[in-house]
């Protein structure tokens with residue numbers, strides 16, 4: 001009888017540990033849900049989109065596999081976003097799985113596996129990246145990882161003000177610098 005009771009106790013204990021482990025692992029996982037809209041509600045659906053604009057010495061080119069235009073909201077949802085921006089002295093590329101372009105403000109939000117690379121070797125990785133056109137501000141409130149020339153900076157947010165040429169990494173910041181070229 002004692003052996004049976006100890007076996008039942010061991011089985012119950014293992015079951016509790018497995019359930020607790022699953023609950024903890026699921027609660028700590030970062031969830032970024034797709035906000036893909038219903039294509040049937042879109043006013044216009046366009047495959048293989050390419051937009052270009054040039055103003056103030058800045059040329060940008062936006063490509064997407066699919067665009068769903070919602071006229072009433074002034075918003076265009078994009079799938080497989082690829083943005084290239086060229087200025088006089090620098091250029092960069094932003095890619096992500098989806099995003100929203102707001103027509104009136106020209107604000108842009110890119111989501112899911114977002115990677116920004118620049119021609120000077122900078123690489124930024126996050127889950128969401130936003131551009132506010134009026135303020136010329138690039139920002140995210142999601143964890144961010146920035147690498148360049150042996151330096152790695154990780155934080156929980158980023159705010160870049162282009163006009164001031166100022167960048168702030170927020171939250172608990174972790175930085176590593178490895179020896180490299182100078």
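The values are calculated or read from the model by the stated rules, or taken from the named source; none is laboratory data. Predicted model, so just to flag it, every value in this text is computed and none were measured. Glycine gets a Cβ as well: all are built from the backbone with ideal geometry, and neighbour counts include every protein chain shown.
Overview of values
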{"read-out": "Residues of the range 108-125 classified as at negative phi and surrounded by fewer than 18 Cβ atoms within 10 Å (Cβ to Cβ), total", "value": "8"}
{"read-out": "Which numbered condition residue 124 misses (of (1) more than 26 Å from residue 41 (Cα to Cα); (2) free of Cβ contacts under 8 Å to residues at least 24 places away in the same chain)", "value": "(2)"}
{"read-out": "Selection count, the range 55-84, where residues are free of Cβ contacts under 8 Å to residues at least 24 places away in the same chain, under 22 Å from residue 163 (Cβ atoms) and assigned to a strand (DSSP E or B)", "value": "1"}
{"read-out": "Any hit, the range 87-95, residues being surrounded by fewer than 17 Cβ atoms within 10 Å (Cβ to Cβ) and either closer than 23 Å to residue 41 by Cα or touching a helix residue (DSSP H, G or I) at 6+ places or on another chain (Cβ under 7 Å) (or both)", "value": "no"}
{"read-out": "Positions within the range 33-57 being surrounded by 14 or more Cβ atoms within 10 Å (Cβ to Cβ) and at pLDDT below 85, in sequence order", "value": "37, 42"}
{"read-out": "Tabulated pairs, the range 128-141, first at negative phi and modelled with pLDDT under 90, second surrounded by fewer than 13 Cβ atoms within 10 Å (Cβ to Cβ) and outside any strand (DSSP E or B), C-beta under 6 angstrom, 6+ apart or interchain", "value": "133/105"}
